[in-house]
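The values are calculated or read from the model by the stated rules, or taken from the named source; none is laboratory data. What you are looking at is a predicted structure, and each value in this text was computed from that prediction instead of being measured. Here Cβ is always computed from backbone atoms with ideal geometry, including for glycine, and neighbour counts include all displayed protein chains. Note: areas computed on protein heavy atoms with side chains; ligands, DNA, RNA excluded. Shrake-Rupley method; radii C 1.70, N 1.55, O 1.52, S 1.80 Å.
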Amino acid sequence: MTLRIGADELDPRDLTLLRSTARLHPAAWTWVESFDTADLWLVDPSQGLARTPLDRLDDARVVCLDSGPEAAAAGVRVLLKPLKAAHLLRVLDQISAAQSAPEPVAASAAPPAQAPQTPPWAGRPVRLLKSPNLARYPVSVELLGWLERMQYEPVDVDAIERTLPLDRDMLRDLLNDAARHGALVDAQGTPVAPMAAPSRRRKWW
């Protein structure tokens, strides 16, 4: 498979970084000028949206460059500025994985779901005292932006889960691991307790 990458009105630095990062990725790629033919379409609202349909910003192929995670509340995928090659590589990894993913298993073959446990940090902002082990938790680039912010100020975890529902389980495991090691605190700096019992879900990371 060949990744089809395009962009709308990026500033020269971000455009250069996008092209050079794509060359570093092992997947084959090609540059496209049309939104409709792209597998990945980057936009920067501060530079203009001349070729991007405004009603398609929540399309899964669109990544919006933004100075903060606020745009994600509207269902838009966000990369925080300044743009970083490591974050772009994670996005390219996600696209490559989605293109080569096997057909989903039929619902009848899936194990029965267990009732979710309410974590101790539910309903209150929390902060990470140190960076999580990203080798153990290969988080999405959208979640990575929130985790970086969480190292500097308390963040409402419920808001992250509403914005990134597919990352909820990994986020809970990551925060639970941080809580077990005393690296998760609330807005007042009080350590947050880990969940009462470890999850028995099968882990895929």
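Structure notes:
- Projecting the alpha carbon convex hull of the range 3-99 along each direction and taking the average yields 5.7 nm².
- Only protein heavy atoms count here; under a 1.4 Å probe, Lys130 has an accessible surface of about 120 Å².
- Taking 0.36 nm per residue of separation and subtracting the Cα-Cα distance, full extension of the segment from Thr2 to Glu161 would add 54.1 nm.
- Close amide-amide hydrogen proximity is noted between Arg77 and Cys64, each under 5 Å apart and 5 or more residues distant or on a separate chain (H modeled in the peptide plane; Pro and chain starts excluded).
- With a Förster radius of 30 Å applied to the C-beta separation of Thr30 and Ala86, the computed FRET efficiency comes to 0.85.
- Applying the Karplus relation 6.51 cos²θ - 1.76 cosθ + 1.60 with θ = phi - 60° to the range 147-159 yields 3J(HN,Hα) values of 5, 5, 5, 5, 7, 10, 7, x, 10, 6, 5, 4, 5 Hz, where x marks Gly and Pro.
- Stretchable slack from Asp59 to Tyr152, in nm (0.36 nm times residue separation minus alpha-carbon distance): 30.5 nm
- The range 125-186 shape via C-alpha gyration tensor axes, a/c threshold 1.5: rounded
- The distance between label points at Ala97 and Asp11 comes to 3.1 nm (points 7 Å beyond Cα on the Cα→Cβ vector).
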